[in-house]
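Readers should treat all values here as calculations from the given coordinates under stated rules, not as data from a laboratory. These numbers were taken from a predicted model, which means no experiment stands behind them. Reconstructed Cβ throughout: ideal geometry from the backbone, glycine too, with neighbour counts over all protein chains shown.
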Amino acid sequence: QKEVEQNSGPLSVPEGAIASLNCTYSDRGSQSFFWYRQYSGKSPELIMFIYSNGDKEDGRFTAQLNKASQYVSLLIRDSQPSDSATYLCAATGDAGNNRKLIWGLGTSLAVNP
Amino acid sequence: SQTIHQWPATLVQPVGSPLSLECTVEGTSNPNLYWYRQAAGRGLQLLFYSVGIGQISSEVPQNLSASRPQDRQFILSSKKLLLSDSGFYLCACDRVDNQPQHFGDGTRLSIL
């Protein structure tokens, strides 16, 4: 059973701090990894995706991938109350085919003013 | 970039009634299309995906079906709804394998 695991949280951080969200995956064949943000009652919104080992930065967000450890993380710098949401991690399965993403259950993040 | 339209936004249906949810995509051609369901407190469950007109792959055997009558139209149907069909139904699309999927606003379905 291919799995993506996330700590359900809630992860609580003060405004302005760095929030660190973690995700592990079981399928060594996974090639692409995605972070989505989902506000309560809304649909998931893509935040970042990463294919290569190392870091990828986009504004306040940094995705980190370590394929040897099968570990993906999302760092949010200068966290804002508007970042409070559930963050979903997803990985491709089936030799990198995007059609069947393996989804984590999400980590709930609360940024306190 | 593509825009994904789903309607209705919310729907309340009695057990045993039929269902038809529609998803249309603008701003792209020949997309891959997906139907997901997200039940309360659970993760995203892939129901169907389609790589082209008339091509449907089913991921979960159940009383739901999907059709793709046009390139940018994807329909989710049921002849008789069950209580367990309640959930948040999401349509998603992408253009090329390994590129990110983008979601529509979803339909929240409640079965009474």
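Observations on the structure shown:
- Cys residues of chain B counted as unpaired, since no other Cys beta-carbon is under 4.7 Å: B:C93
- Excluding same-chain neighbours fewer than eight residues apart, the lysines reachable from A:K67 by a Cα-Cα span under 25 Å are A:K2, A:K56, A:K100.
- Computed label-point distance, nm, for sites A:D55 and B:A9 using a 7 Å Cα→Cβ extension: 4.0 nm
- Antiparallel %, DSSP beta bridges [both residues in chain A], to 5: 90 percent
- Between B:Q45 and A:N112, the FRET efficiency estimated from the beta carbon spacing at R0 = 30 angstrom works out to 0.40.
- With R₀ fixed at 41 Å, the C-beta to C-beta distance from B:I53 to A:K67 puts the FRET efficiency at about 0.65.
- Alpha-carbon centroid distance for the pair the range B:1-39 / the range A:35-113, whole angstrom: 24 Å
- Placing unit charges on the Cβ atoms of the charged side chains and taking the dipole of chain B about its Cα centre, the candidate lying farthest along the positive direction among B:L44, B:L83, B:C93 is B:L83.
- For chain B, alpha-carbon Rg over 2.2 N^0.38 Å: 1.00
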